[in-house]
Amino acid sequence: MLIRPHIILLIFFVITVGASMGCSTFNPIPEEDPSFKERAQTKFENNIQVTAGVPSAEETKQLLGVNLYKQEIQPIWLEIKNTDEDPVWYLPLGTDSEYYDPLEAAHLNRFTSSKQNNKMNRHFYERGMGIHIGPNETRSGYIFTTLDEGTKEFNVDLIGEDQQLRTFTFFISVPGLRTDHSEVDLDNLYSEDEILSLDEEGLRKALKNLPCCTTNEAGTNQGDPLNMIIIGDAEDVFHAFIAAGWDETETVYAGSAMKTTTSFIFGSSYRYSPLSSLYTFGRPQDISFQKARSNIHERNHFRLWLSPMRYEGKPVWVGQISRDIGVRWTWQTITTHKIDPDVDETRNFMLQDLWYAQALEKFAFVKGVGAADIREPRGNLTGDPYFTDGYRIVLWIPSQPVNFEDVKNARWEIPSQDEATRR
């Protein structure tokens, strides 16, 4: 049956008006003790107590009456208790350099009704986080930030009359993102009998003897090189990469597959796009992170596997890092990325990235991948060529930030000039 154009326009008009009328009232649900506060974290320093919580998309919609997440806006709730004798000032720029003013956040979610807009403006303004906290005063409210799904990392900076800056750092998990690492029980991957405590000589030998590369599930074909070793507690490792601007990765399910396909077609960014499974120790990666550029075709990404090795009481992680420079269709996975063949450059990028983020204590190089000349590159599981000097980079992750000039070079091995010219 042929539908006339004016009928299509009429249907479109009815749907649009109906949707508009359905969203024409501002009606937040008041909650004295919202559920997100159960996930809130509290920190204390020098007579200042800061509590922070991040409501999920659904909680935000209920508490603030509009779908802020749809506009890429994420509220953070703060409560600052000052038991000092002097006032302090909260610096929202330290939390997010692109934060939204309460009335700006409201305006971006405005209704067609001026009455409803006025109601929303008052609601947002009254719940905004003030910047002045007097002596023996407690102030609470929302700061409206740019959206980060999964783990939200941010600082709360407070300055006093003496110009002393107090910084409180938070890592808060926000419901909604189905991350791959949430499905892995890291504490029970190995039995006590399987744990290997190594000294430096034993560690260097063990790292050299690791397989050169990831494999497919059957272990019959080699994939990308295992060119990165991380040493650090799971929480410190996780926080280091979040603080350095890396994003968590979603699991593969209908929703993430649809977002991946949409991003592929329109060339848009998808910060949490799933990574395909590569195998080491007979299992897919335990944790993966990525840094996306402006479109899904380009990103840096890495995979980590917890090994049974321990060095100075710290877990040793085996990793693979590469840079995606394009996307293509495949029959097996719908889409797959094409990697930059210079995998050493991406490996060295990670060194710089953690160094600048003050998330690096020490580094070293160790052989184990096996050199591959640019004129005779190896291939990964999807047929992409790569070349390498054959070294793995070893990165120690600290529990506290380390100044740039205090990072140590363990000087295990140094790639020679001849090996470097292969690049």
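Coordinate-derived values only; no laboratory data. The structure displayed is predicted, hence computed values, not measured ones. Heads up, the Cβs are rebuilt from the backbone with ideal geometry, glycines too, and the neighbour counts pull from every protein chain shown.
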In nanometres, the difference between 0.36 nm per residue of separation and the alpha-carbon distance of Thr169 and Asp86 is 27.7 nm
Given backbone amide H placed at 1.01 Å from N, residues whose amide H is under 5 Å from that of Arg178, ignoring those fewer than 5 places away on the same chain, are Thr251
Protection proxy (average C-beta count within 10 Å per residue), highest first, orders 363-375, 394-406, 311-323 as 311-323, 363-375, 394-406
The ³J(HN,Hα) series, computed from each phi in the stretch 406-411 with the Karplus coefficients 6.51, -1.76 and 1.60 at θ = phi - 60°, rounded to the nearest Hz and given as x for glycine or proline, is 9, 6, 9, 9, 5, 6
Per DSSP, the loop-located trypsin sites (Lys or Arg not before Pro) within the stretch 114-173 having at most 14 other beta carbons within 10 Å are none
Length-normalised contact order of the stretch 136-214, Cα under 8 Å, at least 6 apart, in percent, tallies to 22 percent
For the stretch 229-234, in residue order, the Karplus 3J(HN,Hα) values (coefficients 6.51, -1.76, 1.60; θ = phi - 60°; whole Hz; Gly and Pro = x) are 10, 10, 10, x, 5, 4
Whole-Hz Karplus couplings 3J(HN,Hα) for the stretch 103-114, θ = phi - 60° and coefficients 6.51, -1.76, 1.60, Gly and Pro as x, run 6, 5, 4, 5, 4, 5, 10, 5, 9, 7, 8, 5
